[in-house]
Number of protein chains: 2
Amino acid sequence: MQHKPITILIVDDHPMVVEGLKTLLSDNPAVAVRTHFTNGNDTLEFLEKEIVDVILLDVNLPDISGVEMVKLILDKRATIKILGLSTYSEPSIINQMIKNGVKGYLLKNATSDELVSAISKVHNGEFYFGSEIQKILADSVAQESKDVPKLTRRETHVLRLIADGKTTNTIAEELFISPLTVETHRRNLMQKLEVSNAASLIKFAIEKKFI
Amino acid sequence: MQHKPITILIVDDHPMVVEGLKTLLSDNPAVAVRTHFTNGNDTLEFLEKEIVDVILLDVNLPDISGVEMVKLILDKRATIKILGLSTYSEPSIINQMIKNGVKGYLLKNATSDELVSAISKVHNGEFYFGSEIQKILADSVAQESKDVPKLTRRETHVLRLIADGKTTNTIAEELFISPLTVETHRRNLMQKLEVSNAASLIKFAIEKKFI
DNA sequence: TTCAATATACCTGAAAACCATTAGAAAAAA
DNA sequence: TTTTTTCTAATGGTTTTCAGGTATATTGAA
């Protein structure tokens with residue numbers, strides 16, 4: 001049975017990758033690369049007038065973040081299936097992309113087969129996440145549920161300032177609150193995070209990207 | 001004037017990039033991609049018997065680190081010109097690669113022109129570093145010369161332990177020295193690093209990869 | 001071998017951080 | 001609207017850090 005080919009839009013600022021994708025997909029009659037863009041704005045402009053079936057979207061574009069792009073594209077064209085594409089796998093970004101509506105996610109070390117399979121899956125309304133991505137997702141879910149004890153906004157703010165090396169008094173001045181309050185926050189932070197000194201607190205802050 | 005084409009070996013575990021490079025280079029009669037490998041060991045095995053002019057070497061291979069690869073390749077075939085290739089630019093890695101003997105460095109968002117130009121330059125015995133890389137190198141040199149005030153081995157060790165969240169007494173026990181000595185080290189560290197509290201000390205330690 | 005750098009150790013006082021607990025006001029959630 | 005959470009603040013005490021200086025053994029390089 002002969003279908004119309006799936007039309008593809010490539011959005012990636014790496015010429016090597018763009019050419020690679022085109023080459024990898026050129027053998028396959030089931031897909032047709034319509035065109036490509038190297039930044040977010042051109043892509044959005046194109047989508048004002050035209051439409052494709054699947055977008056291969058690099059996460060790191062020079063102008064607009066991948067996470068933002070997903071939202072903007074789907075606001076405009078809700079039916080387009082977006083397949084995220086990145087070199088390394090950052091759980092938080094992947095999570096956000098999924099929250100915003102990507103239908104699949106590929107690492108750039110994916111094989112030609114994976115690529116085609118991912119495209120046809122998302123085009124059929126299914127999801128596609130490679131085994132590596134699935135592992136990351138599982139890990140991040142597991143971590144989220146146990147690790148991070150949900151800091152309040154104020155606590156997060158105070159933690160950031162503590163980790164900046166600021167003293168209790170400085171923080172108090174900066175936030176227009178009493179040093180005693182700052183100390184209370186610090187103590188609550190240490191309790192929540194189950195640490196017993198400032199060092200571990202700062203380590204936590206840096207590791208969890210609070211800084 | 002018609003030269004023999006420059007023979008190229010591509011080493012990268014991303015099929016998309018490999019295909020992209022091949023496509024980008026296929027137009028140009030001055031270069032000829034001999035073959036490609038997706039890991040370090042296969043590459044080294046190949047180089048036992050064969051030789052090429054220029055190797056396009058991805059920094060992040062699955063088996064051997066890029067830095068190590070440069071050394072291993074040049075140990076075997078000192079005349080080969082190696083052009084480093086990576087998506088993101090990590091100063092320390094780039095520096096190490098250069099120390100080990102790469103003749104140039106490209107980011108994967110390089111254009112086709114840059115790519116060809118880089119290849120021909122390194123083949124002619126020149127160096128090639130894109131403007132972004134040059135900026136990184138300049139920055140890292142500038143930083144190195146002023147920032148890091150050369151900690152002694154002991155100080156580094158103590159710093160690591162402090163940043164691990166260990167108390168003075170614990171550190172003292174662990175190193176079989178007096179807690180007072182640990183405090184002295186801490187004090188000297190703070191003086192050297194020009195910070196006035198433990199928090200900043202830990203931040204320094206983490207940022208400078210002491211941990 | 002001498003000298004400089006390093007690692008070790010100690011003292012002291014002031015400042016800051018840490019611990020435990022309580023509690024009212026404000027904001028968010030139910 | 002009521003309930004819960006969060007933010008604020010205080011008391012009072014203990015521990016740790018910070019900053020000043022001093023001093024000795026060890027090590028490595030000139």
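The values are calculated or read from the model by the stated rules, or taken from the named source; none is laboratory data. Here the structure is a predicted model, which is why all the values come from computation and not from measurement. We place every Cβ from the backbone using ideal geometry, glycine too, and count neighbours over all the protein chains shown. All accessible areas refer to the heavy atoms of the entire protein, side chains included, with ligands and DNA or RNA removed. Shrake-Rupley method; radii C 1.70, N 1.55, O 1.52, S 1.80 Å.
List of remarks:
- Test result for residue B:130, under 21 Å from residue B:90 (Cβ atoms), at pLDDT 80 or above and more than 10 Å from DNA strand C (Cβ to nearest atom): yes
- Residue, farthest from DNA strand C (Cβ to nearest atom), within the range A:171-196, restricted to residues that are open to solvent by less than 30 Å² (accessible area, probe 1.4 Å) and without any contact (Cβ under 8 Å) to a residue 24 or more places away in the chain: A:175
- Number of residues in the range B:153-205 that are of a type in the set (Asp, Glu) and outside any helix (DSSP H, G or I) equals 2.
- Any chance residue A:167 is within 16 Å of DNA strand D (Cβ to nearest atom), farther than 27 Å from residue A:87 by Cα, over 29 Å from the mean Cα position of the chain (by Cα) and at pLDDT 80 or above: yes
- You will find that of A:38, A:43, the residue that is under 22 Å from residue B:110 (Cα atoms), within 14 Å of chain B (Cβ to nearest Cβ) and polar (S, T, N, Q) is A:38 and no other.
- Every residue from the range A:155-170 that is without any contact (Cβ under 8 Å) to a residue 40 or more places away in the chain, facing chain B (nearest Cβ under 7 Å) and touching a helix residue (DSSP H, G or I) at 6+ places or on another chain (Cβ under 8 Å): A:165
- Test set (1) more than 26 Å from residue B:27 (Cβ to Cβ); (2) within 11 Å of chain B (Cβ to nearest Cβ); (3) open to solvent by less than 20 Å² (accessible area, probe 1.4 Å) - residue A:108 fails condition number: (1)
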